[in-house]
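As structure tokens, the structure follows; a few thoughts come after it.
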Amino acid sequence: RESNFRYIEDPVTREKTYHHVVAGLMKKCRDLAGLTGSEVVLIAQSEAGHIHSFASKKLMPVITEHKGKDLI
């Protein structure tokens, strides 16, 4: 199945779409970790510099501890 994605020119629409898509990705990550027991980490940064992150229990140090933050 082919998708036709194109860059969203309007900055307001682009930012709203970013937040909507990131919320969906986080839900998918929670579902994946919960249903399969897999370890998942998601880090996303918008053009405006907003950072959103999700990590399953074992990978939480990647986004909370200084060593992990240095990787980001």
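The values are calculated or read from the model by the stated rules, or taken from the named source; none is laboratory data. Treat the numbers as computed from the prediction; the structure is a model and nothing was measured. When we count neighbours, we look across all protein chains shown, and the Cβ atoms used for this are built from the backbone with ideal geometry, even at glycine. Surface accessibility is based on the protein's heavy atoms, side chains included, excluding ligands, DNA and RNA. Shrake-Rupley method; radii C 1.70, N 1.55, O 1.52, S 1.80 Å.
For residue 48, the conditions (1) outside any helix (DSSP H, G or I); (2) among the aliphatic types (A, V, I, L, M); (3) touching an Asp or Glu at 6+ places or on another chain (Cβ under 9 Å); (4) closer than 19 Å to residue 64 by Cβ all hold with the exception of (4).
Consider residue 39 carefully, then state whether it is out of contact with any strand residue (DSSP E or B) (no Cβ under 7 Å at 6 or more places or on another chain) and not in a helix (DSSP H, G or I). Against the criterion (out of contact with any strand residue (DSSP E or B) (no Cβ under 7 Å at 6 or more places or on another chain) and not in a helix (DSSP H, G or I)), residue 39 qualifies. Among the conditions (1) surrounded by 10 or more Cβ atoms within 10 Å (Cβ to Cβ); (2) modelled with pLDDT of 90 or more; (3) in a helix (DSSP H, G or I), residue 12 misses just one, which is (1). When you go through 58, 27, 67 one by one, which is the residue that is in contact with an Asp or Glu (Cβ under 6 Å, 6 or more places away or on another chain), open to solvent by 50 Å² or more (accessible area, probe 1.4 Å) and not in a strand (DSSP E or B)? Among 58, 27, 67, only 58 is in contact with an Asp or Glu (Cβ under 6 Å, 6 or more places away or on another chain), open to solvent by 50 Å² or more (accessible area, probe 1.4 Å) and not in a strand (DSSP E or B).
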